[in-house]
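Structure first, then comments.
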Amino acid sequence: MNTKPLQDKVILVTGASYGIGEAAVYGFAKAGATVIMLARTEDKLNTIYDDMVAQGLPEPVIVAFDLETAPEEAYFQLRDMIGKEFGKLDGLLLNAAMLGQRTPISNYNWQTWNKVMDLNVNSQFLMARTLLPLLESAENHAALLFTSSSVGRQSKAYWGAYAVSKFAIEGLMQTMATELENTSHVRVNSYNPGGTRTSMRAAAYPAENPEQVKAPEAIIDEYIYLMSDASHHIHGQALDFKG
Ligand code: NAP
């Protein structure tokens, strides 16, 4: 069994400071990857960095970046920084998102709607479009993985902008997947992690006992597989946590 399926790969994770993203950072690094960790909370990224170095994991890179408010120029600067440092990107996990309000559309706040769309849709487009050339610079089999949700495939009452934003992510994934199908080694998929014990889950289900929800670490083997060359044939798929 290959214990380092991500050896020598460079993978960027958005929303790397907490929750599923933090667990993905550790999982990818333990599988051999150099991880570029992107989030707003620089102190937390520094803590993760120190811990990873102390554990002897590949030294990660910290990117303090607000995906909701950063101008387009900042995405080009990020691309140039990664290009200068690594010359390629083997994997891009677009994980950061926000919940917004859990309320009927008739009551939904316009500012909140726009914030959710800026982070959950517009920044995903800017990251995917701007970093695609770096994924195409990888030697082979680069992976672009969007993060979806069950309400991004079949919506439900009171999920508002979050559900709509995840439908948009599925549309972006399908559009890019068909565009790249015969012309690129970059595979594009979406992944629904399902209910997972994070601060977002607690905000969505405040009455739930967190101990009854799986920990982020439960997902990580599936993420490692989807970032590894073993999944190179999976393209244009809306995937779910299998468990
Ligand atoms: P979470 O615990 O709320 O973590 C969100 C991450 O995104 C944090 O690291 C946060 O870090 C970062 N982030 C938030 N706003 C940002 C911004 N403006 N710029 C950059 N980074 C930002 O969420 P999660 O539960 O781990 O969810 C991760 C993904 O899985 C999301 O796409 C979510 O929709 C999806 N998902 C989750 C569940 C679940 O049950 N948890 C179920 C289905 C789908 P900073 O605050 O430091 O920026």
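The values are calculated or read from the model by the stated rules, or taken from the named source; none is laboratory data. No experiment lies behind these values; they were computed from the predicted model shown. All Cβ positions, glycine included, derive from the backbone under ideal geometry; neighbour counts span all protein chains shown. Side chains included, ligands, DNA and RNA excluded: accessible areas come from the protein's heavy atoms. Shrake-Rupley method; radii C 1.70, N 1.55, O 1.52, S 1.80 Å.
Worth pointing out:
- ASP240 sits with roughly 80 Å² accessible to a 1.4 Å probe, with DNA, RNA and ligands left out of the calculation.
- Most mobile listed residue (LEU119, LEU226, LEU78) in the chain, GNM with C-alpha springs under 10 Å: LEU78
- Trypsin sites (Lys or Arg not before Pro) lying in DSSP loop within segment 127-202, provided at most 13 other Cβ fall within 10 Å: LYS156
- Full-stretch length increase - SER155, TRP110 - with 0.36 nm per residue and alpha-carbon distance subtracted: 14.2 nm
- Residue among LEU126, LEU145, LEU38 with the largest mean-square fluctuation in a Gaussian network model of the chain, springs linking Cα atoms under 10 Å: LEU126
- Extension gain from GLU72 to ASP8, taking 0.36 nm per residue of separation minus the Cα-Cα distance: 20.1 nm
- Evaluated at q = 0.12, 0.14 Å⁻¹, a Debye calculation over the C-alpha positions of segment 1-100 (equal weights, vacuum) places log10 I(q)/I(0) at -0.37, -0.50.
- Counted as membrane-span-like here are DSSP H helices of the chain whose alpha-carbon atoms extend 30 Å or more along the helix's own axis and whose Kyte-Doolittle mean is -0.5 or above; these are 160-180.
- Annotation for segment 213-243 versus segment 1-37: alpha-carbon center distance of 13 Å.
- Segment 10-228 - percent of accessible surface contributed by carbon and sulfur, probe 1.4 Å: 51 percent
- Residue of PHE76, PHE65, PHE146 that the Gaussian network model of the chain assigns the largest fluctuation, springs spanning Cα pairs under 10 Å: PHE76
- SER184 accessible area, assembled protein chains, probe 1.4 Å, Å²: 30 Å²
- FRET E, pair PHE125, LYS214, Förster distance 30 Å, beta-carbon r, rounded to 0.05: 0.50
- Accessible heavy-atom area order of ASP43, ASP66, highest first, probe of 1.4 Å: ASP43, ASP66
- Tensor-based shape of the chain (alpha-carbon gyration tensor, a/c under 1.5 rounded, otherwise prolate or oblate): rounded
- For the pair THR178 and PHE241, the difference between a 0.36 nm per residue extended length and the Cα-Cα distance amounts to 20.4 nm.
- Using C-alpha pairs below 8 Å separated by at least 6 residues, the relative contact order for the chain is 19 percent.
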